[in-house]
Every structure is written in C-alpha cells, then in structure tokens.
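This report concerns only the one structure given below.
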Amino acid sequence: MATTSERVAPLTRPGRGEARLRVSEKLILGFLAYGVVASMAYPIAGSQRLAVGILNVLAVLFVLLLSRGFQAGGECAHRRSEDFRSPSLVATISALRDWLPCFVILLAYRESSLFCPRAASGALNGLFERWDKASVGNGLVMSALAAVSPWLGRYLEFAYLLCYPMVPLGFAVLYFSSSRQVAEPAARGLPAPLDSPIEAVSLSSREVQGQAGRAIDRFWTGVLLALFTCYTLYPLFPLTTPRLFAHDFYHPDSQCVLRRLNFWLLGRFAGSGGVFPSGHVAGVTAIALSVWQRSHLWGVVFTIAAASIAAATVIERYHYLADALAGAFIAFVAVRISNRIHSRKSP
C-alpha cells in the first residue's frame with residue numbers, strides 16, 4: 001500500500017503553479033490596492049472613501065483565501081484520498097477562484113467612476129468632437145445612417161447592451177471547453193481504479209487540468225489588464241460623454257427602449273467622466289481576441305459582437321471615436337502582454 005501511495009502522490013497534489021497566486025490574481029490585488037490609494041488621493045466623500053477601503057480589503061482577503069484554500073483542499077485530498085468530500089471541496093473552491101474576476105470587474109468599474117473629476121476638459125472635448133465630425137459626422141456617413149434608420153440604431157443599442165454579459169459569456173466559452181478537455185481523457189479510458197476514485201486520476205489528466213488552469217489565467221490576465229488600464233486612466237483625461245451634448249452632430253432615437261435602458265444602467269452604475277479610453281471597447285476586444293485563440297468558431301461570433309459594440313459606442317454617441325480606438329489598442333497590447341507572460345511560464 002505504501003508503494004501505491006508513493007505512486008499516486010504526484011498526481012493528486014496540486015501543482016506549485018496552482019498553489020501560488022495566478023498572474024491575474026496579482027493584477028486584481030494590484031488594482032484593489034490602487035483603489036485604496038486613489039480614494040485617498042482624489043476628492044471623494046468620506047463615506048465613499050470608507051466604503052472603498054472596506055470593500056477592497058475584504059476582496060483582497062477573499063482572493064488570498066481562495067488561493068490558499070485551493071492549495072489546502074488539494075493537500076487534504078492527497079492525505080485523505082478515501083474522503084469523497086475533499087474533491088468536491090477542491091472543485092468548488094476552484095470554480096469560485098476561476099469566476100471571481102467577473103465580480104471584481106463590477107467592483108472596479110463602479111469604483112473607477114468615483115475618481116473621475118466633475119469638471120471636464122473643454123479643450124479635449126472640443127478636439128474629440130472636431131475629429132468625430134470630420135470622420136463619422138461627414139455628409140456621406142450621415143446619409144448612410146439615415147438610409148438604415150431606425151433599424152441600425154436599434155441593433156446598435158442592443159449590441160451596446162451586450163457589453164455587460166460579454167465578460168461572463170466569453171469566459172464561459174473558455175471555461176467549459178477547458179472542462180471538456182479535462183473530461184475527455186477519462187472518456188477515452190483511465191486505468192482501473194485503485195483504492196479510491198482519487199487514485200484513478202492519471203498523469204495525463206492532471207497535465208490537462210494544469211493546462212486548463214493556465215488557459216484561464218491567460219484569459220483573465222489579458223482582459224483584466226485591458227480593463228484596469230482604462231480604469232486607471234479615466235481620472236487623467238476628464239471628459240464628458242458625447243451622449244450628453246444636445247448639439248452633437250448625430251441624434252439617436254431617444255425614445256428607443258433599449259437606449260433608455262442603456263442610459264439608466266450608465267447613470268446608475270457608471271457616470272459621465274469615464275470616457276477615455278473606452279473600457280467597454282477594451283474589454284470586449286480583449287475577450288474576442290482571447291476567445292479567438294481558444295476557438296476560431298466562437299472567435300468569429302465574439303469578434304462580430306465586439307465590432308458591433310465598438311460601432312455602437314461611437315455612432316450612438318456613448319464615446320468619441322478616439323475613445324474607441326484607444327480602447328481597442330489597449331486591448332491588443334494587453335492580450336499580447338498576457339501571451340508573452342504565459343508563454344514564458346509554460347513548461
């Protein structure tokens with residue numbers, strides 16, 4: 001039996017890479033620390049400053065507990081392979097750890113709006129307006145928009161609404177495709193069970209699980225790096241969103257139900273200051289690029305969605321063209337950095 005334990009030990013114990021903090025988790029901890037510092041540096045209400053401090057500290061502790069809990073749960077499964085609860089515990093902690101960035105993004109998005117100054121830069125607003133009038137506000141483009149109204153506007157409002165579920169949907173594609181990769185070796189046939197289901201895990205299955213964890217970390221590293229970069233740049237470029245300008249060159253249908261819903265969501269959870277660069281465009285572009293690397297079929301779907309959202313931000317006047325272009329550029333750089341980081345970390 002001792003021989004069996006020695007043979008199974010390397011297969012059931014979590015790898016060193018999984019025991020440590022992931023790159024994406026380090027990004028989360030860094031942004032949460034930035035949020036606390038920014039709340040003291042920027043002029044916000046005392047109650048808001050206190051709320052940011054408490055929420056960010058709790059979030060930091062939760063990230064550390066999940067990382068440590070995954071390691072401890074794996075060690076427990078290694079020591080007590082006859083206990084069926086340990087694998088379930090590890091799976092639950094692992095799922096929470098994998099999906100946690102979805103909720104951190106909501107927290108970071110809300111906090112970033114607090115740090116944006118109330119007074120916008122009139123010069124920068126004027127410059128971006130002139131660029132938009134010369135590019136998307138010329139007669140040719142306006143004639144084309146008029147020819148496909150109001151259907152184009154309704155489609156673009158729907159597309160803009162998709163920027164919120166794009167994050168969990170994009171990760172779901174990666175997550176469940178990774179789960180299938182872990183399950184496929186078992187479907188092809190594992191060695192006969194030894195003393196417990198834990199001991200029946202093969203080395204190839206453990207290697208696939210490690211690859212799935214690295215793919216998840218790669219995905220979140222690119223997406224979070226793109227979004228967090230935009231969130232930290234917001235206060236440095238005080239702008240007013242063009243949707244608030246009644247004199248703007250394009251007037252979308254204000255009676256559209258989807259537009260009113262988008263306005264309500266932005267007014268409730270964001271604000272008018274987080275404009276440059278576009279976090280929406282950066283996020284959906286990073287997601288589309290990351291999904292494309294995993295599956296070209298799904299990559300086409302998410303690329304179309306990301307392009308539609310980017311067009312909606314400009315045509316429906318949620319952002320200036322410069323905001324969208326800057327957001328897309330940041331996403332390309334973020335995904336490239338993520339690929340390089342994780343290529344070096346791969347064995």
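Just so it is clear, none of the values below were taken in a lab; they were calculated from the coordinates. This structure is a prediction, so every number in the text was calculated from the model and none was measured. Cβ: placed from backbone, ideal geometry, glycine included. Neighbour counts: every protein chain shown.
Packing, taken as the mean count of other beta carbons within 10 Å per residue, orders the peptides 59-65, 156-162, 309-315 from highest to lowest as 309-315, 156-162, 59-65.
With the highest mean first, a sort of the peptides 220-231, 46-57 on other beta-carbon atoms found within 10 angstrom per residue produces 220-231, 46-57. Let's test the formula: R0 of 35 Å, r as the Cβ-Cβ distance of LEU50 and LEU21. What FRET efficiency results, to the nearest 0.05? With a Förster radius of 35 Å, E is 0.80.
Phi-derived couplings, Karplus 6.51 cos²θ - 1.76 cosθ + 1.60 at θ = phi - 60°, listed residue by residue for segment 58-65: 4, 5, 4, 4, 5, 4, 5, 5 Hz, with x used for Gly and Pro. Here the residues SER338, SER278, SER94, SER308, ranked from fewest to most Cβ neighbours within 10 Å of their Cβ, fall in the order SER308, SER94, SER338, SER278.
In plain terms, the residue of PHE31, PHE171 with the fewest other Cβ atoms within 10 Å comes first and the most crowded comes last, giving PHE171, PHE31.
One decimal place: the segment VAL300-ARG68 gains 79.8 nm when fully extended, by the rule 0.36 nm per residue minus the C-alpha distance.
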